[in-house]
Each structure stands twice: as structure tokens, then as C-alpha cells.
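Worksheet: one structure, shown below.
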Amino acid sequence: MKRIALGLLALMLAACSDPAPETAVNDESPDPVSESADAPPAVRPATPDADRLRVEWMRIEHGGWGQAEHKPALASESAEASDRPTLGIIIDDLGHNYSRGRRVIDMPAPVTLAILPHTAVAARLAKEANAAGRIAILHLPMQNGANLSPGPGALFADMDRETFSATLRGNLDDFGPIVGVNNHMGSLLTTLRPQMNWLMEELRGRDLFFVDSRTSAQTQAAVAAQEHGVAHVSRNVFLDNELTPQALQSAFDRALVEARTNGVAVLIGHPHEQTLAFLEQVLPGLEQREGVQVVAIGELVGQGKR
Ligand SMILES: [Zn+2]
């Protein structure tokens with residue numbers, strides 16, 4: 001498995017030898033059970049093995065591109081209403097495992113759930129999140145540059161518009177309620193403007209916002225969202241590229257600095273045991289301690305921009 005991942009990475013590196021210095025490619029969650037493009041979509045269990053492989057892949061990818069740090073699109077304007085720095089936290093890749101999703105709902109701050117379509121507990125988690133006053137968004141699988149399977153419901157570059165839109169609608173209607181969308185993988189698809197236009201037209205029609213996970217330095221998603229009047233914001237920091245307590249704290253601290261500097265920051269993590277335990281430990285009393293307020297991601301996506 002590792003050899004295959006490394007081989008794919010080598011191909012990616014060869015194809016992208018000149019990345020922008022301040023941006024990163026991060027497909028943040030390789031699918032360890034369906035690396036073959038020919039394999040049928042598989043449900044990824046949230047097992048220690050799956051976690052380990054995912055983390056390994058993230059470490060490899062980020063080793064090649066470095067950490068993304070950039071200002072969020074539009075969000076600074078919405079923060080002007082308050083002088084208190086705000087932090088939006090999203091946990092991606094939910095839907096396979098109920099107990100981990102439930103822990104996100106029960107976090108002592110409004111952490112946003114990004115739920116994969118066509119997964120075992122997607123509908124249950126979205127319903128329970130809504131009942132608890134939390135926000136659930138669709139974690140939309142998209143084609144990545146390494147030809148790893150993004151999982152069921154993925155959007156691919158070679159789909160004609162009819163197939164693309166039918167697949168997208170199948171995902172948007174798969175579970176509810178949702179208020180927005182972010183991308184799962186997508187380091188290839190988000191660079192394609194026509195496909196991002198198709199996506200944003202659908203989101204505009206449904207009044208959904210978009211969070212660009214920025215898995216490619218060349219992402220067109222935020223630009224397309226802006227043009228189509230879709231409220232949007234972009235990820236600043238990935239919380240759990242590495243799962244040691246020191247690395248988690250360091251990434252979290254970078255997000256706090258970003259929030260203080262720009263007024264807002266968007267932090268994305270994954271449902272690893274270490275990540276959830278870290279957030280459960282660090283979130284209580286955060287605002288009193290650090291002066292940064294955790295808010296639902298819906299509050300950061302540029303109100304008044306629709
Ligand atoms: Zn993901």
C-alpha cells in the first residue's frame with residue numbers, strides 16, 4: 001500500500017514540479033481501501049489502520065508542497081462587525097462512524113460536520129447535528145490529481161454536464177439537512193473552471209454556501225463561487241497533518257494567529273481519535289483563554305454576498 005501511494009506521489013510531483021510557494025496541495029484523505037481506479041466505490045471504515053494510512057498520505061503530500069497559509073476569501077469583511085477574532089472549525093470525512101460523528105456534535109463549541117454522501121450514518125448525523133444546533137455540510141467527493149478513489153458519489157473531470165449535475169444532485173439530496181458544501185479531495189477537479197461553474201450554479205440555486213478546502217494551489221472554486229454569488233470561505237490551516245500532541249497544538253496555534261491577524265480563520269480536521277481528543281481538551285474556555293471565539297462555519301461565509 002505504501003509503495004503504491006509513494007509511486008502515485010512521485011507521479012504527482014513530476015507533474016507539478018513548480019507549485020506556488022505559499023500554497024499547498026492536500027487531498028487530505030486517501031481512500032486506503034479503494035486505491036485502484038477500477039475498484040468499486042468502497043466504504044472506508046474508521047479504523048486505526050485507515051487513520052494511519054490517511055495520516056501517512058497527508059504527511060507525504062505536505063512534505064512536497066508545504067503548509068498552506070493564506071487569507072480567507074471575503075471572510076474578513078464579515079468579521080468587521082465584531083472586533084473579536086473568530087475561528088471556524090470543520091471536521092471532514094464523517095458519515096462512516098457514528099460515535100466519532102457524535103463526538104463532533106457534542107464538542108463544547110459549534111464545530112461543523114462535513115459529511116460524506118452515501119455513507120452509513122450520514123443522515124443520522126445530519127439530523128442529530130441539526131437537532132443539537134450544529135451545522136452539517138456535504139463533504140463533496142471530487143477527482144484528485146493522484147487518481148485515488150474519492151469514494152461514492154465522486155465528481156470526475158471526464159463527466160459530461162448531464163452526468164456531472166445528476167451525480168451532484170444525488171449527493172446534495174442524499175441526506176439532510178445541509179446548509180453548505182466543502183470539497184473532499186478535488187485537487188484536480190477544483191482547478192477546472194467549467195466544472196466549478198456547474199457546481200456553483202447548482203449551489204446558488206439551492207442557496208448553499210461553499211467552503212474551499214484548498215487541496216490545490218490552482219483551485220478555481222472560490223473564484224467561481226464569487227462570480228456566481230455563492231457565499232464562500234477558504235480553509236486556512238489543516239489541523240491534523242500530524243497527530244502528535246505537539247503538532248496538533250502547533251497547527252491549532254497557527255489558526256489562532258491567523259484569526260487574530262485577519263479577524264477570522266478556518267481550520268479543518270479529520271475524525272482521528274487524537275484530533276477529537278485534542279479538540280475536546282482545548283475548546284473548553286478557549287475564548288476566555290485566547291480571546292478567539294469558535295463560531296459555526298455559516299457565520300464566516302460572507303453574509304450579504306448572495
Ligand atoms: Zn475529505
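Brief remarks follow.
- Taking first residues from segment 247-269 that are within 15 Å of Arg289 (Cβ to Cβ) and open to solvent by less than 10 Å² (accessible area, probe 1.4 Å) and partners that are in a helix (DSSP H, G or I) and among the β-branched types (Val, Ile, Thr), the Cβ contacts under 7 Å between residues at least 6 apart in sequence or on separate chains come to Phe252/Val282.
- Meets criteria (surrounded by 18 or more Cβ atoms within 10 Å (Cβ to Cβ), outside any strand (DSSP E or B) and of a type in the set (Phe, Trp, Tyr)) for Phe210: no
- Residues that are farther than 17 Å from Ile89 by Cα and surrounded by fewer than 24 Cβ atoms within 10 Å (Cβ to Cβ) within segment 228-241 comprise His228, Gly229, listed in sequence order.
- Residue in segment 217-227 that is more than 15 Å from the ligand (Cβ to nearest atom) and under 17 Å from Ile89 (Cβ atoms) present: no
- For segment 205-238, the tally of residues that are out of contact with any Lys or Arg (no Cβ under 6 Å at 6 or more places or on another chain) and at negative phi stands at 23.
The values are calculated or read from the model by the stated rules, or taken from the named source; none is laboratory data. What you are looking at is a predicted structure, and each value in this text was computed from that prediction instead of being measured. With ideal geometry, Cβ positions are generated from the backbone for all residues, glycine too; neighbour counts draw on all protein chains shown. Please note that ligands, DNA and RNA were not included when accessible areas were found on the heavy atoms of the full protein model with its side chains. Shrake-Rupley method; radii C 1.70, N 1.55, O 1.52, S 1.80 Å.
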